[in-house]
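Report on the following structure.
The values are calculated or read from the model by the stated rules, or taken from the named source; none is laboratory data. These figures come from a predicted structure and were not determined experimentally. Cβ sites come from the backbone with ideal geometry, for glycine too, and all protein chains shown count toward neighbours.
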Amino acid sequence: MSLLDSLPERVHVVEMLPRDGFQRLDEFVPTDEKVEIIDALSDTGVDEIEISSFTHPKAVPTLRDADEVAKRITRRDDVTYRALVPNLRGMERAVEAEVDKVNALVTVSETYTRKNQNRSREEVLAEMDDIVDLAHDHGIEVEAGMGTSFYCPYEGAIDPAETLAVVDSVVDSGVDEVTLATTMGLANPVEITERFTAAFEAHPGLDMGLHLHDTNGMSLANTLAAMAVGVDRFDASVCGLGGGVVLPGDMSGVGNTPTEDFVQMLDRMGVGHGVDFDRIEAAAHDVSDRLGLGLTSHVLAGGTVEGVLDTVAADGEAG
């Protein structure tokens with residue numbers, strides 16, 4: 001089977017900037033700006049936006065305004081608004097905020113789990129049943145976002161059997177979706193292929209997504225590998241901003257796949273996605289200017305087909 005034969009007709013794009021991006025910043029983005037940015041992202045055509053995290057404010061101070069953000073954003077009927085919940089208390093806040101979906105966090109690495117959630121992995125998994133029950137009672141979908149599904153900064157390479165065991169557990173709890181996260185950004189296309197293939201073989205028909213980071217420069221290659229084995233939902237972040245709050249301090253380059261780069265690739269390959277490229281590019285420039293990020297993606301640096309050809313043509317005329 002050729003690559004073209006293996007590509008899905010359409011993929012679902014989940015925008016992670018308001019949660020994964022903002023949580024990694026040292027400075028607090030004012031609530032007014034968060035709301036403006038989320039509203040602009042709502043108009044780009046992305047399927048979902050992870051608007052914030054219902055985590056204790058002391059744990060993630062840059063997202064301490066999660067409840068206010070959820071209250072003030074303008075919601076579109078064609079966009080799913082979700083939030084991360086690390087525990088049952090976070091799920092209760094998500095119910096109060098009337099989100100459409102939650103990202104129920106669980107990490108495969110025991111060490112990372114204890115650092116990030118101050119509990120054991122088994123304690124987190126044991127609470128998943130209650131989170132799912134509460135969410136479903138209020139018509140809220142549950143995605144199990146599985147951090148450190150491939151590598152952990154404290155334990156190194158994760159045994160594939162450990163990742164699959166966590167998939168088994170959250171599926172037993174009744175989650176609607178499962179997303180494997182390359183938390184350290186070190187996964188490669190072979191590892192992506194093998195881990196998703198094993199999960200699909202164990203749970204045929206399971207709705208699975210991929211949350212990508214780009215430390216090793218392979219995130220877009222990893223999206224292709226995932227699409228080839230049946231994944232059609234991907235987390236990305238405008239400007240590539242993102243990273244876990246308990247990653248070692250020198251891992252500043254672990255940013256997410258830039259949404260604008262991902263959308264450009266899908267456009268050039270003819271894969272449907274529903275996102276307006278011009279709007280997502282404009283949103284990326286706006287966020288970069290607001291936060292002083294610089295040129296953090298290929299699109300921002302002018303690496304579009306049109307941009308490069310226009311530059312070449314202009315240089316030719318000048319010569």
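Here are the numbers for the structure shown:
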quantity: Residue match in the stretch 5-13 (condition: buried (at least 17 other Cβ atoms within 10 Å of the Cβ) and either free of Cβ contacts under 8 Å to residues at least 40 places away in the same chain or of a type in the set (D, E, K, R) (or both)); calculated: no
quantity: Tally, over the stretch 95-131, of residues that are among the hydrophobic types (A, V, I, L, M, F, W, C) and free of Cβ contacts under 8 Å to residues at least 12 places away in the same chain; calculated: 1
quantity: Number of the exception - S252 against (1) closer than 23 Å to L84 by Cβ; (2) modelled with pLDDT of 95 or more; (3) in a loop (DSSP other than H, G, I, E, B); (4) not β-branched (V, I, T); calculated: (2)
quantity: Residue in the stretch 28-43 that is small (G, A, S), farther than 23 Å from G147 by Cβ and in contact with a helix residue (DSSP H, G or I) (Cβ under 7 Å, 6 or more places away or on another chain) present; calculated: yes
quantity: Test: residue in the stretch 77-87 that is among the polar types (S, T, N, Q) and without any contact (Cβ under 8 Å) to a residue 12 or more places away in the chain; calculated: no
quantity: Of all residues in the stretch 23-52 being modelled with pLDDT under 95 and either surrounded by 18 or more Cβ atoms within 10 Å (Cβ to Cβ) or in contact with a Leu (Cβ under 6 Å, 6 or more places away or on another chain) (or both), the one that is farthest from Y81 (Cα to Cα); calculated: R24
quantity: Top-ranked residue in the stretch 197-239 [being over 18 Å from V299 (Cα atoms), modelled with pLDDT of 95 or more and of a type in the set (S, T, N, Q); ranked as surrounded by the most Cβ atoms within 10 Å (Cβ to Cβ)]; calculated: N222
quantity: Candidates L41, L63, filtered to the one that is more than 20 Å from L105 (Cβ to Cβ), touching a strand residue (DSSP E or B) at 6+ places or on another chain (Cβ under 9 Å) and not β-branched (V, I, T); calculated: L41
quantity: Residue in the stretch 54-67 that is outside any helix (DSSP H, G or I), within 26 Å of L224 (Cα to Cα) and without any contact (Cβ under 8 Å) to a residue 12 or more places away in the chain present; calculated: no
quantity: Output for the stretch 140-170, where each listed residue is within 23 Å of M16 (Cβ to Cβ) and either part of a helix (DSSP H, G or I) or free of Cβ contacts under 8 Å to residues at least 40 places away in the same chain (or both); calculated: Y151, T163, V166, V167, V170
quantity: Any hit, the stretch 147-166, residues being within 23 Å of D39 (Cβ to Cβ) and touching a helix residue (DSSP H, G or I) at 6+ places or on another chain (Cβ under 6 Å); calculated: no
